[in-house]
Amino acid sequence: MLYAMLAYHDEDHVQSWSEAEDAALMEQLNEVHERMGSIGALGPAARLGATTKARTVRGKGFVTDGPFVETKEALLGFYILDFETLEEAVKAAEDFKVANPGAIYEIRPIVLFRPGKPIPLSDFGLGDVR
């Protein structure tokens, strides 16, 4: 099953890092990336741009600037993980947390939307749609 691992961090803190500090953190994360990749569990990953450049669309013609939640941490990136169980995905997030102790990782199952096909609500704990 596919899982999204959302990476949250204090954006001001992250932006205060020197190039060397950022490179050192990325070296630690790359070790985890390589381990996850070697077992076929790591899909696409991305570091998101600054929240100051984010826009939120709340309706036609209603767009707001910046982050859309009131929190100290911001969503700064995501990973796609492929594990059989949620527990395995959580264990992977723990490995990432060791490499990046200041981050907070959220694991969420991914339910693929395929136009014209029912969404399997059992993945949301709501039963099947037939």
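The values are calculated or read from the model by the stated rules, or taken from the named source; none is laboratory data. Predicted, not measured: the structure shown is a model, and the values here were computed from it. When we count neighbours, we look across all protein chains shown, and the Cβ atoms used for this are built from the backbone with ideal geometry, even at glycine.
For this structure, a couple of remarks:
- Of all residues in the range 16-33, those being exposed (fewer than 12 other Cβ atoms within 10 Å of the Cβ) and within 14 Å of residue 77 (Cα to Cα) number 0.
Condition check ((1) over 29 Å from residue 21 (Cβ atoms); (2) at pLDDT 65 or above) across all residues:
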residue: 61; (1), (2): yes, no
residue: 87; (1), (2): yes, yes
residue: 95; (1), (2): no, yes
residue: 110; (1), (2): yes, yes
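- Test: residue in the range 13-31 that is modelled with pLDDT under 90 and within 22 Å of residue 108 (Cα to Cα): no
- Test result for residue 102, in a loop (DSSP other than H, G, I, E, B), at pLDDT 90 or above and not hydrophobic (A, V, I, L, M, F, W, C): no
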